[in-house]
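Here the structure comes first, spelled out in structure tokens, and everything after it is commentary.
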Amino acid sequence: MTLLEVRNVAVSIERPAEDVYRFASDGAHLPRWASGLGESVRREEGAWIADGPLGRIVVRFAPTNGFGVLDHDVTLPTGETVHNPMRVVPNGGGCTVTFTLLRQPGVSAEKFAEDARWVERDLRRLKQLLEAAV
């Protein structure tokens, strides 16, 4: 058994965890903060479909829950599905959102670092959107 390299990318947001979870778990909001998916998404058969620069992407979130679990599977145009663990954890009067990036087989160290920067930009955008809405 080989373990994948892991990088946890986190951002703290000055909004209640419930607000952040509600916003981030609504796939209709994905184009506003998750770059790379395209400018619009649509709901089909329990999944969110985006037609963006990479082609047709299918996003399936974990069932709605009270634990802040925002795990989601992303199916790429190649048919490959990547599981993305993500959590919203209460932190004082706000929360911390953590995305666990797993280095997939065949991904170079440079590409993995680039992916981590991309995730960080997206989480900072999520923070900006939610803190501006206060």
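Some points to look at:
- By average C-beta atoms within 10 angstrom, highest first, the peptides 105-114, 83-92: 83-92, 105-114
- In this structure, residue 7 and residue 75 have a Cβ-Cβ separation that, at R0 = 25 Å, corresponds to a calculated FRET efficiency of about 0.70.
- In this simple spin-label approximation, residue 133 and residue 14 carry label points 7 Å from Cα along the Cα→Cβ vector, and these lie 1.7 nm apart.
- Ranked list, fewest to most other Cβ atoms within 10 Å of each Cβ, for 74, 20: 74, 20
- The tail of the calculated P(r) for the chain beyond 26 Å holds 20 percent of all Cα-Cα pairs.
- The ranking of 125, 103 by Cβ neighbour count inside 10 Å, starting from the fewest, reads 125, 103.
- Chymotrypsin sites (Phe, Trp or Tyr not before Pro) within region 1-94, DSSP loop, no more than 12 other Cβ atoms inside 10 Å: 67
- Taking 37, 129, 76 and counting other C-beta atoms within 10 Å, the order from fewest to most: 76, 129, 37
Only the coordinates and a few stated rules stand behind these numbers; no lab work does. Keep in mind that what you see is a predicted model, and the values were worked out from it rather than measured. Here Cβ is always computed from backbone atoms with ideal geometry, including for glycine, and neighbour counts include all displayed protein chains.
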